[in-house]
Amino acid sequence: MNSRRKFLHTSLLGALAAGTSDFWGDVLNGAAAPPKGNLPVVIATWDNRRATAAAWDILSKGGRALDAVEAGARIPEADPKDTSVGYGGFPDRDGHVTLDACIMDEFGNAGSVNFLQHIMHPISVARRVMEKTPHVMLSGEGALQFALSEGFKKENLLTEEARKAWENWKIKSEYKPVINIERHDTIGIVAIDAQRRVAGACSTSGMAFKMHGRVGDSPIIGAGMYADNEVGAAAATGLGEMVLKTLGSFLIVEEMRRGKHPQKAAEEAIRRLARKYPQQSEKNQVGYIALDNRGRHGAFSLHPGFNYALFQQAANQVLEAGSYFNK
Ligand code: ASP
């Protein structure tokens, strides 16, 4: 037995005795050596196939994961029909469209904006914060001023449809998040490129008709999204208040760091919610996507109805995630 095989053999016996590691389980079934040809890969929350296609355009030409996730997030941001992200997003209860976004690159750099108004592409402003300032997060008026100084255009993001929906909502003025029906369509998008660079992005207009000034999980590094080149990346959608309290995306990346498959890591983060916040978990939706730096992915949610887009090996698919509750 050559020395490498011997090492594998003895390590395997040790790992089997300990019985804990997914990684060594994969060595046994032949999947541990990073399978060639499974990179690049990009995965996004919900049926954001147009976003994963935009990202794939970049990834398939050998481009950088960071550019891919930014390009992906910009698709729903500019789509007036998407009522949870950017232009066309439902306003807060005072009629203002306020946006949250964050981005991370393969070096662990991070940028974020929250409570940003009038700018169609918060993800690109977040990237500028990351690349052009010594800070990670800019908020509200300061974020807007920075965006304008960077040449972004001030626009009205409240579409006629969104304004009508708000007028309708005002008749009763009650805020009750309804699982999936309320369309938690935040885009979280994570990718690994052909050079094994990991990046992630997240962008949202937040909960429809939220309190003015409310900021959710999406722009918070580690909550709405987290990426670490040593491990992989994860992103969240759903009731931000729940994700914030468990730093769900960071939790998933740390679970993967400890050897969990992305699927098991996403399941663990959902179980954490169900255990710590049983009543909130019964009534609200949270969904996670996860990707490790070997190109394996996972997704899981509290309730059925969460799907995600996966672009890998030239196929762009939408897949249904498993869930903690059955109905
Ligand atoms: N997570 C977002 C927030 O709480 C909402 C969503 O995913 O729709 O702002």
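May I ask you to order 86-99, 273-286 by the average number of other C-beta atoms within 10 Å around their residues, highest value first?
So the order, starting with the most tightly packed, is 86-99, 273-286.
Would you mind checking segment 121-138 for residues with the amide N under 19 Å from a putative spin-label position 7 Å along Cα→C-beta of residue 50?
Correct set: 121-124.
Obtain the nm distance between the two label points defined at residue 275 and residue 212 by a simple spin-label model: each point lies 7 Å from its Cα along the Cα-to-C-beta direction.
4.2 nm
Treat each spin label as a single point 7 Å out from the Cα along the C-beta direction, and report the residue 320 to residue 170 distance in nm.
The answer from the label model is 4.0 nm.
Measuring from label point to label point, each 7 Å out along Cα→Cβ, what is the residue 81 to residue 136 span in nm?
3.7 nm
Just the number, please: carbon plus sulfur as a percent of the accessible area of the chain, 1.4 Å probe, no ligands or DNA/RNA counted.
Exposed carbon and sulfur together represent 53 percent of the surface.
How much accessible surface does residue 212 have with a 1.4 Å probe, in Å² rounded to 10?
Counting only protein heavy atoms, residue 212 exposes about 80 Å² to solvent.
Ignoring ligands, DNA and RNA, what accessible area per residue does the chain give at 1.4 Å, in Å²?
For the chain, the per-residue accessible area is 43 Å².
How high is the relative contact order of the chain, in percent, with contacts defined as C-alpha pairs under 8 Å that are six or more residues apart?
Computed over the chain, the figure is 21 percent.
Mind ranking 189-197, 160-168 by how tightly packed they are, going by the mean number of other C-beta atoms within 10 angstrom, highest first?
Listed from highest to lowest mean packing, they are 189-197, 160-168.
Run through all the Cα pairs of the chain and give the fraction in each 10 Å bin from 0, expressed as whole percent.
7, 28, 34, 21, 7, 3, 1, 0
Sum -39500 (n - 2.57) across every DSSP H segment of at least 4 residues in the chain, then divide by the residue count to get the 222 nm mean residue ellipticity, nearest 500.
-11000 deg cm²/dmol
To the nearest 10 square angstrom, what accessible area does residue 47 show with a 1.4 Å probe?
Counting only protein heavy atoms, the figure is 80 Å².
By a straight-distance test (C-alpha under 20 Å), which lysines pair with residue 283 as possible cross-link partners, with residues fewer than eight away in the same chain excluded?
176, 210, 245, 327
The values are calculated or read from the model by the stated rules, or taken from the named source; none is laboratory data. These figures come from a predicted structure and were not determined experimentally. A quick note on method: Cβ atoms are made from the backbone with ideal geometry, for glycine too, and the neighbour counts reach across all protein chains shown. Remember, those area values only see protein heavy atoms, side chains included, never the ligands or the DNA or RNA. Shrake-Rupley method; radii C 1.70, N 1.55, O 1.52, S 1.80 Å.
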